[in-house]
Amino acid sequence: MFPDRMVFTRYMLLAVSKRDNEDDRTLGELFYIMISEVADITYHESMQIIVEAILATVQEEFHIADAQVETFYAKFMSKLPESM
């Protein structure tokens with residue numbers, strides 16, 4: 001009776017079926033259970049990684065001694081807000 005609507009409905013069903021087969025997020029709860037096994041990095045850990053990278057780069061680029069790096073680190077940390 002309405003061939004255009006039937007074609008559109010079939011297309012929508014095929015699109016949903018294709019997405020269900022290709023996108024892991026369509027698995028719902030199973031997706032989140034699998035992803036939750038991967039631990040999130042904490043704010044503290046991420047800041048520590050960034051600071052260590054900065055210190056290593058400063059030492060490599062400016063060829064400074066370990067004592068100077070420690071002084072730089074102390075000054076850098078003292079300038080950060082308490083919350084960090």
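The values are calculated or read from the model by the stated rules, or taken from the named source; none is laboratory data. This one's a predicted model, so the numbers in the text were calculated from it and none came from an experiment. Methodologically, a virtual Cβ is constructed for each residue, glycine included, from the backbone with ideal geometry; neighbour enumeration extends over all protein chains shown. Ligands, DNA and RNA are excluded from the accessible area calculation, which covers all protein heavy atoms including side chains. Shrake-Rupley method; radii C 1.70, N 1.55, O 1.52, S 1.80 Å.
Suppose the filter is at pLDDT 85 or above and surrounded by 11 or more Cβ atoms within 10 Å (Cβ to Cβ); does residue 78 pass it?
No; evaluated as a whole, the condition is false for this residue.
For the list (1) at pLDDT below 70; (2) open to solvent by less than 60 Å² (accessible area, probe 1.4 Å); (3) closer than 29 Å to residue 83 by Cβ, I need the number of the one condition that residue 38 fails.
That leaves (2) as the condition not met.
Considering each residue of region 49-68, count those that are open to solvent by less than 90 Å² (accessible area, probe 1.4 Å), not in a loop (DSSP other than H, G, I, E, B) and not β-branched (Val, Ile, Thr), and give that number.
So the count comes out to 5.
Looking at this structure, is residue 71 within 24 Å of the chain's Cα centre (by Cα), assigned to a helix (DSSP H, G or I), modelled with pLDDT of 75 or more and of a type in the set (S, T, N, Q)?
The answer is no for residue 71.
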